[in-house]
Amino acid sequence: MSWENAVNIDDLRRLAKQRLPRVAWDYLERGAEDDLTLQSNRRRLDRLQFLPRTLVDVSKRTLQHRLFGKTYDAPFGIGPTGVAGLYCFEADLELARAASAANIPFTLSTASFIAMERVVKEVSGEQWFQLYMSKDRDAAECLVRRAEQAGFGALVITTDVPVGGNREYNRRNGFEIPFRLNSRNIIDGICHPRWLSEVFLRTLLSTGVPRFQNVDSNVGGRIIAQDLSAFRARRDALDWSDIAWLRTIWPRPLMVKGILTAEDALLAIEHGVDAIVVSNHGGRQLDGAIAAIDALPTIATAVAGRVPVLFDSGIRRGMDVVKALAMGADFVLLGRATLYGATVGGAAGVKHAIEILKAETDRVMALIGCASAAELDQRFIVKESSV
């Protein structure tokens, strides 16, 4: 089957698995340790059931959704996905192009192989920058200033990585950035010639060994970092005062990603953020953490509309988007779903993934009797105790 004939995200997933060597596939698909939280994200979304209303006029239904004063053509956007360049040549540009064509936001990760300035210069549309922040404020400020000068419309700071998650498969596979081939990876790459030629070798010939392009920061003529090491350093010393400081230097919408408790959501608002992203990092950080969808309602209730609440972790179908919105999210972010599309078809594959999710979201809304995403709430969901 070609990706053009894929009818759902799982079809794209299976095609992506065939295309990728194990080192890349495991990094994309796995979580942390025993994948308990990864699996829980899906299981807890699946356990939610709809309470559809019937004989509701949904003939004028719309997926359009407003966030930060902008109207998007779907209630979801593309969240930050690190090392996307392992899955498609210049994948971040391809993701951004597809998002722009679909009129949804795209979020560039700090851990990108593409310099942030290129993304904004070469692709129109709404783009956000995701920051892995160090306690070293000189380094952090340089990246933030770069993002501001480049023209990113919002800053998303990821807070759930005080230390790296225990991704044991990376050690087994010899995964590291800058990317280095070992004997196992060389053999696996040869067994996946299309990936080897179209992604890895093309990147090697274009920009050299794949490496992060948004971590080098020039402070007084001194390069602060050549890799993520400086930004990993002392990240476990971050606290809420760093968010308050970040608020003073970033003039546009500021989001905090990785919130799983109402207490932290309220602290984030207290320290000046413009939005909360309820997320457990797609199950890739703390194994055994609460499923993001289970954390969402309590947080949404505590926030009580003071700032938008975004959601990610586990989205694979349009019904998942609808469930997240009904459980209290104002907007949804996608990660793996659009990377599957990028892996098999570049920007066109991402566009196909977006179209699949839009069609599914629209169909579910019609079937439950809801004319717009803004009207979704828990009236459309069976409570857990009733399931």
message: Restricting to segment 360-384, count the residues that are in contact with a Ser or Thr (Cβ under 8 Å, 6 or more places away or on another chain) and among the β-branched types (Val, Ile, Thr).
response: 0
- request: Spot the failing condition for Gln18; the list is (1) without any contact (Cβ under 8 Å) to a residue 60 or more places away in the chain; (2) crowded, with 17+ Cβ neighbours inside 10 Å; (3) of a type outside the set (Lys, Arg), and only one is missed.
  value: (2)
- prompt: Among Ile186, Ile177, which is among the hydrophobic types (A, V, I, L, M, F, W, C) and exposed (fewer than 15 other Cβ atoms within 10 Å of the Cβ)?
  reply: Ile186
- prompt: For segment 329-354, how many residues meet the condition of being in contact (Cβ under 8 Å) with a residue 60 or more places away in the chain and either surrounded by fewer than 18 Cβ atoms within 10 Å (Cβ to Cβ) or not in a helix (DSSP H, G or I) (or both)?
  reply: 7
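Rule-based calculations on the coordinates, nothing more; no lab input. Everything numeric in this text was worked out from a predicted model, so none of it was measured. Neighbour counts are summed over all protein chains in view; Cβ atoms, including those assigned to glycine, are modelled from backbone coordinates with ideal geometry.
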